[in-house]
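Every read-out reported here was derived from the displayed coordinates using simple, explicitly stated rules and does not represent laboratory data. It should be emphasised that the depicted structure is a prediction, and the values quoted were computed from it without experimental measurement. We place every Cβ from the backbone using ideal geometry, glycine too, and count neighbours over all the protein chains shown.
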Amino acid sequence: MIVRLLRALGALVAALLGLAFLLALPVLYVETACRPTAPETAYDPILPEAHHRPESRTLLTYPEWHIVHAYEEYAEVLRRGDPHDYGFVPAIAGFWTTLCALSKASGVHGPVSGETKMMVYVVGVSFTAELLAKATYEETLGRAATWWRGPEAAPLDTLSARQAREYAVFLRQVPWYRYDFAADAQALAAASTGSLRDRERRVALGLEYRAKALYAEAIAAAVAATGQDDLTLRMVVDEAPAPRDGVTVIGPNGPGVEIETPRYRALTGLLAELAAEGIEIVEIAGNDDIMLTVLGGAEIGSDTLISIPRQGFGDHRHLLRVKVADLSETLRGLDEAGLRLEHIHDY
């Protein structure tokens, strides 16, 4: 009995070590094969150093947003189909492929801090592990449950698809660990009809949501201990914008006017508004380059850092790097180019 127990324990340890090695392989690849390909370029900032943010962060904020977009695409697939219709492996590959391209392109923006790299790798490995686990289940037991159910969606299929959409919207502006996963699990239990598919969804997704709730509590505690990132940034524009919520005019600075604005998703909408009003952006957070993602056809030109197809939508996401001084003009020209603004990546 003891010998069998030791063998089983050894097999489990070997399996866990093998899994850890497989999850670490993409990190090793990025670190060795995706080194920066150009030296840092010089720029003399207008804003004081207290309001600078590392320019390389405009590229390295994308990996977290890739996960946000992956959930949006998953929700779109669920709108018409089932979880096994989603390409879990392509979503994982997209994360590491774009990270490799962005790592190579980051050299001109200066060094990437070890803290930023660690954060990106941790979220990447977590995302990979989550989607591999989800793919393993949905392609086997989950697919079998849909076969037994038939072509008509069960009540919990409809509810879980709506929850996926709500989660995707939530992630656009709020960190994932603030989402109420426990409430979604309770909603599944309350809405279950007792059919085989509903029971399967209630158990499978309920376990997933409760595991995420526990993980979210741990992450929230860690963030509380280390402090949250700034929710605003400073920029210089060529003229003061009209008064609006969330924007504070600081005063004249260099060739323009210094203002303070919100970050994240709110900043994307604000910059689009300023561009439409004819306001030019001079500098953002002490930087002269910025990245944005736009949506459109498969080919849009040579300035693209990388393009990847979007699941469920039938179009492509393009990662563009532009000079801050050209940002407003670029935004104004998107419609004519047949493109739609998705997100402007601050620092």
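Send over the per residue convex hull volume for segment 232-345, Cα only, as a whole number of Å³.
Working: hull volume 11.4 nm³, N = 114.
Taking the convex hull of the Cα positions in segment 232-345, it is 100 Å³ per residue.
Which GluC sites (Glu not before Pro) in segment 183-283 sit in a loop by DSSP (not H, G, I, E or B) and have at most 15 other Cβ atoms within 10 Å of their own Cβ? Mind dumping the intermediate values first?
Numbers: sites: 200, 208, 217, 239, 258, 260, 273, 277, 280, 283; in loops: 239, 277, 280.
In loop regions of segment 183-283 (DSSP not H, G, I, E or B), the sparsely surrounded GluC sites (Glu not before Pro) are 239, 277.
With runs of 4+ DSSP H residues as the only contributors, calculate the mean residue ellipticity of the chain at 222 nm using -39,500 (n - 2.57) per run, divided by the residue total and rounded to the nearest 500.
Details: 11 runs with 182 residues, N = 347.
After summing the helix terms and dividing by residue count, I get -17500 deg cm²/dmol.
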Directionally averaged projected area (convex hull, Cα atoms, the chain), nm²: 21.6 nm²
Taking θ = phi - 60°, what integer Hz values does the Karplus form 6.51 cos²θ - 1.76 cosθ + 1.60 yield along segment 132-149, in sequence order, with x for Gly and Pro? 5, 5, 5, 5, 4, 6, 5, 7, 10, 5, x, 5, 4, 5, 5, 5, 5, 5
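May I ask for the Kirkwood hydrodynamic radius of segment 87-134, worked out over all distinct Cα pairs and given in angstroms to one decimal?
Roughly 11.6 Å, rounded to one decimal.
Can you tell me the FRET efficiency between residue 136 and residue 116 if r is taken as the Cβ-Cβ distance and R0 is 41 Å, rounded to the nearest 0.05? Please report the intermediate quantities before stating the final value.
Numbers: r = 31 Å, r/R0 = 0.75.
It comes out at approximately 0.85.
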Using a basic spin-label model with each label point 7 Å from the Cα along Cα→Cβ, how many nm lie between residue 300 and residue 223? 2.8 nm
For segment 124-186 and segment 199-254, what is the separation of their Cα centres, given in Å? 22 Å
Might you report the magnitude of the Cβ-based charge dipole of the chain about its Cα centre, with Lys and Arg at +1 and Asp and Glu at -1, to the nearest 20 debye? 1900 debye
Fraction in percent of alpha-carbon pairs per bin - 10 Å, segment 141-298: 9, 26, 21, 20, 15, 8, 1
List the lysines whose Cα lies under 27 Å from the Cα of residue 134, skipping any in the same chain that are fewer than 8 positions away. 117, 212
